[in-house]
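This report concerns only the one structure given below.
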Amino acid sequence: MKIKLSLSNISCVSCVGAIERTLIQVKGVDSVQVNFAEKTALIQGTASTQSLIAAIEGLGYGAKPFDEQNQENEEQEEFIRFHKLLRQFILAAIGGVILYLLSLFNFVPAITSLPGQFTWFILGVITLGLMIYAGGYLYHNAWKAFLNNHATMDTLIAIGTGTAWVFSLFVTLFPHAVPALAQHVYFEAALLIIALVNLGGALEIRARGKTSQAIKRLIGLQPKTARVLRDGQELDILIEEVQQGDTLRVRPGEKIPVDGVISEGHSMVDEAMITGEPIPAKKNLGDEVIGGTINKTGSFLFSATRVGKDTALAQIIDLVQQAQNTKPPIARLVDVVSAYFVPAVMVISILTALVWFNFGPANYLGFMLVASMTVLIIACPCALGLAAPISIMVGMGKAAEYGTLIRNGEALQQATKLTAIVLDKTGTITKGHPEVTDIIPASDWDTDTLLQWAASMESGSEHPLGQAIIEAAADLSLLPIANFNAIPGHGIAAMIENKPVFFGNEKLMQRENIQLGDLIQQAAKLADLGRTPMYLAVNGQAVGIIAVADPIKEDSKSAIKRLQDVGLKVIMLTGDNARTAKVVAQQVGIQDVLADVLPEEKSAKVKALQQEGHLVGMVGDGINDAPALAQAEVGFAIGSGTDVAIESADVTLMGNSIHGVAHAIAISGATMGNIKQNLVGAFFYNGLGIPIAAGILYPFIGLLLSPVIAGAAMALSSVTVVTNANRLRFFKPGGRT
């Protein structure tokens, strides 16, 4: 059982770690994934929702069930939070600026005088009120964390600003108790730091809101109502009221409400947001339609087969949201660092104070306070915590836009390291079902008559090639047959219009002593193209050839070239004979072919490539190729429509094109690159900022960082990470050529 919770009051990766450690100890919990960027927790196990919420609230955080159907309320709460932070920022900033100007222009009497002490005491009380209004939640969260034996970013801010206020009040009441050069108050710094923290939080909410646009678009695909036929009437009902088996009508331009099968009519359906395929798909009687896709032209009736959370769209949304909660291996580094980050910063702050106390100038108290407070303020576990999850959210969403579902963080990272791609032929490079490719009549026969007689013969057969011929003759009326006889390895025989008719390969014609003449050369040319020629003979005379083949997908060649262009070794794997496989491989530009491979041997072929040192991606239909998909570093299940929503591969391609593989690899590369940029930036920021804040440059150039500047840098660091991750929204993985 999966339970998803919305979290509140979490401020950094230390909060994430505390929640994960606490929840995993709850009885019945098997796994926990906390997404700091989305502020959600995904829990798997048998524990009750109430016990999970109680455990989180016991830590001092808020939690409630995540309502996937009520995204508007979630967005409204974020909107309210955004404006509240802005108000808190404005008030704290105004107060801080006023106090700064009063000090700068000496509008307040000296603090060593009674009027000055009284004035600054009143200003200190006002400052405290503003701090409680604008930053009360910081102190509340810090206190809750303290009671639960852990520290967070809020702890650092609370200690830093609280110390500044307490020191300032002490100086105000007892100015002569500190050296003359340290007789300075920092009320304005405390206010401005809180103001900047609030501004950073507001900007982060605004930037973070853009990261989930792909999911919002998917959710937006779900129509609100459906037109159902009941008791001979067409009724508009809420989508939640549609039941499996209902007959529904879809008119031109409308969204298809749920999954189903067309029972009357035909149309062209735009499935781009589901499969990534830009060209509308033709839908006829008996074809499947997917809820959320758009009916372009005709009106049709269909029978609902999947409704509610069983629809392909609902499953896609669920899969993407699960994927956004996963972590690639690189993110484990952040988990390790974050566990020690805040305590380490507090220790560094204390050491900084001790160094200034022992080695600082005469006014060491002021330097002690400023430097130690600046260390606390500049440290930003937020940036570290957001570095990976924010990029994953955007990257997984971007992949979904292109009909690609990357299931987990491990696959995301591994996809960028692949050196070889193994492509199953049937259904991956080719369309996966035979089609009539050539109709070549002889003597005075025409193509329609030839196809009509061949299809009439095959109406008594269940052979896949015969079904392809029957499908090609769908608009023709079939002739009655008699004395049907299947001849294994050769073809079929029957009587039509009292004439003996044979349909099959060259062996059948030779057996019946039928002369083929020029048709032999034409059949040889078709065979060289990888097609299967079959002869039709009537009354002992060959009247034509019908060739059937599993045609190559129109875009397979260009997709394979994309994979080769990025340095991947592309290998075709098939159970077909070597001659047919070689022809197909030549047509799509593949040099390496593994033919005559049985299904149970495919995983061994993948393993052999791995033993050669390759990191292998296996692309197959996700069912017959399951062992090979599991053996590969990354398994790509290629398919279409509702079938792939339940596949278990690392990457699921909603469309039928190999371009989806190239998209997945390109998006994975861009996402991992973005994560690395964020991590390097966050580590560099803290690695450089903390020493400067401690005053390492002061002995050399006399520079001591202001706590206010540190607050601005801290606030903007997380905004920078989120903004950088949002660049992925504009990434395009490459088009079809």
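Listed by position, the helices (runs of 4 or more DSSP H) enclosed by region 621-710 that each have at least 1 residues that are buried (at least 23 other Cβ atoms within 10 Å of the Cβ), modelled with pLDDT of 90 or more and under 18 Å from the mean Cα position of the chain (by Cα) are 659-694. Note on region 103-116: among residues that are open to solvent by 40 Å² or more (accessible area, probe 1.4 Å) and of a type outside the set (Gly, Ala, Ser), the one that is nearest to LEU196 (Cα to Cα) is LEU104. Answer with yes or no whether GLY540 is surrounded by 22 or more Cβ atoms within 10 Å (Cβ to Cβ) and in contact with a strand residue (DSSP E or B) (Cβ under 8 Å, 6 or more places away or on another chain). So GLY540 does not fit the description; no.
Looking at LEU52, LEU91, can you tell me which residue is at pLDDT 90 or above, surrounded by 14 or more Cβ atoms within 10 Å (Cβ to Cβ) and over 19 Å from LYS144 (Cα atoms)?
Being at pLDDT 90 or above, surrounded by 14 or more Cβ atoms within 10 Å (Cβ to Cβ) and over 19 Å from LYS144 (Cα atoms) holds for just one of LEU52, LEU91, which is LEU91.
For region 503-527, the set of residues classified as of a type outside the set (A, V, I, L, M, F, W, C) and in a strand (DSSP E or B) consists of GLY504 only. If you filter region 213-227 down to residues that are among the hydrophobic types (A, V, I, L, M, F, W, C) and under 17 Å from ILE294 (Cα atoms), you find that the one that is modelled with the highest pLDDT is ALA226.
Filtered by the rule that a residue be part of a helix (DSSP H, G or I), open to solvent by less than 60 Å² (accessible area, probe 1.4 Å) and touching a residue at least 40 places away in the same chain (Cβ under 8 Å), region 604-617 gives VAL606, LEU609. Taken over region 577-593, the criterion of being closer than 26 Å to GLN414 by Cα and either in contact with an Asp or Glu (Cβ under 9 Å, 6 or more places away or on another chain) or polar (S, T, N, Q) (or both) is satisfied by GLN591 alone. Every test in (1) part of a helix (DSSP H, G or I); (2) open to solvent by 20 Å² or more (accessible area, probe 1.4 Å); (3) touching a helix residue (DSSP H, G or I) at 6+ places or on another chain (Cβ under 8 Å); (4) aliphatic (A, V, I, L, M) is passed by ALA362 save one, and that test is (1). Evaluated against (1) under 22 Å from the mean Cα position of the chain (by Cα); (2) more than 23 Å from ILE560 (Cα to Cα); (3) open to solvent by 20 Å² or more (accessible area, probe 1.4 Å), THR416 falls short on exactly one condition, (2). Any chance you could count how many residues in region 309-342 are over 30 Å from ILE239 (Cα atoms), open to solvent by 20 Å² or more (accessible area, probe 1.4 Å) and of a type outside the set (Val, Ile, Thr)? So the count comes out to 8.
How many residues are under 40 Å from the mean Cα position of the chain (by Cα) and not in a loop (DSSP other than H, G, I, E, B) if we restrict to region 528-553? Number satisfying all stated conditions: 3.
Would you call VAL347 under 30 Å from SER168 (Cα atoms) and assigned to a helix (DSSP H, G or I)? Taking the combined requirement at face value, the residue satisfies it. Within region 131-173, the residues that satisfy the criterion of being part of a helix (DSSP H, G or I), closer than 24 Å to ILE10 by Cα and open to solvent by 40 Å² or more (accessible area, probe 1.4 Å) are ILE132, TYR133, TYR137, TYR139, HIS140, TRP143, LYS144, PHE146, LEU147, ILE159, THR163. Every listed requirement among (1) within 23 Å of THR652 (Cβ to Cβ); (2) of a type outside the set (A, V, I, L, M); (3) in contact with a Ser or Thr (Cβ under 7 Å, 6 or more places away or on another chain); (4) surrounded by fewer than 20 Cβ atoms within 10 Å (Cβ to Cβ) is met by SER303 save one, (1).
Mind checking which pairs have a first residue in region 250-273 that is in contact (Cβ under 8 Å) with a residue 60 or more places away in the chain and a second that is of a type in the set (Val, Ile, Thr) and open to solvent by 30 Å² or more (accessible area, probe 1.4 Å), Cβ under 6 Å, 6 or more apart or different chains? As it stands, the answer is ASP259/THR305, since those pairs meet every condition given. Taken together, ALA371, ALA383 contain a single residue that is assigned to a helix (DSSP H, G or I), over 30 Å from LEU412 (Cβ atoms), in contact (Cβ under 8 Å) with a residue 40 or more places away in the chain and open to solvent by less than 10 Å² (accessible area, probe 1.4 Å), which is ALA371. Please enumerate the residues belonging to region 239-289 that are farther than 30 Å from GLY734 by Cβ and open to solvent by 70 Å² or more (accessible area, probe 1.4 Å). Across region 239-289, the qualifying residues are GLU240, GLU241, GLN243, GLN244, ARG251, PRO252, GLU264, HIS266, LEU285. With the structure loaded, tell me whether GLY298 is open to solvent by 10 Å² or more (accessible area, probe 1.4 Å), farther than 29 Å from SER391 by Cβ and in contact (Cβ under 8 Å) with a residue 24 or more places away in the chain or whether it fails that test. In short, yes. Within region 3-12, one or more residues are open to solvent by less than 10 Å² (accessible area, probe 1.4 Å), over 30 Å from LEU123 (Cα atoms) and in contact with a helix residue (DSSP H, G or I) (Cβ under 6 Å, 6 or more places away or on another chain).
When MET396 is tested against (1) buried (at least 24 other Cβ atoms within 10 Å of the Cβ); (2) out of contact with any strand residue (DSSP E or B) (no Cβ under 9 Å at 6 or more places or on another chain), just one condition goes unmet, and that condition is (2).
Considering only residues that are in a loop (DSSP other than H, G, I, E, B) and within 25 Å of the chain's Cα centre (by Cα), which ones fall in region 274-303?
Listed by number, the residues that qualify are GLY276, GLU277, PRO278, ILE279, PRO280, ILE290, GLY291, GLY292, THR293.
Where residues in region 575-603 are open to solvent by less than 30 Å² (accessible area, probe 1.4 Å) and in contact with a Leu (Cβ under 7 Å, 6 or more places away or on another chain), which of them is farthest from ASP550 (Cα to Cα)? The residue in question is LYS602.
GLN117 meets the conditions (1) under 28 Å from ALA388 (Cα atoms); (2) assigned to a helix (DSSP H, G or I) in every case but one. The failed one is (1). All told, ILE439 falls short of being buried (at least 17 other Cβ atoms within 10 Å of the Cβ), on the phi < 0 side of the Ramachandran plot, under 50 Å from the mean Cα position of the chain (by Cα) and assigned to a helix (DSSP H, G or I).
The values are calculated or read from the model by the stated rules, or taken from the named source; none is laboratory data. Only a predicted model underlies this, so the values are computations on that prediction, with no experimental measurement involved. Heads up, the Cβs are rebuilt from the backbone with ideal geometry, glycines too, and the neighbour counts pull from every protein chain shown. SASA here: full protein model, heavy atoms, side chains in, ligands and nucleic acids out. Shrake-Rupley method; radii C 1.70, N 1.55, O 1.52, S 1.80 Å.
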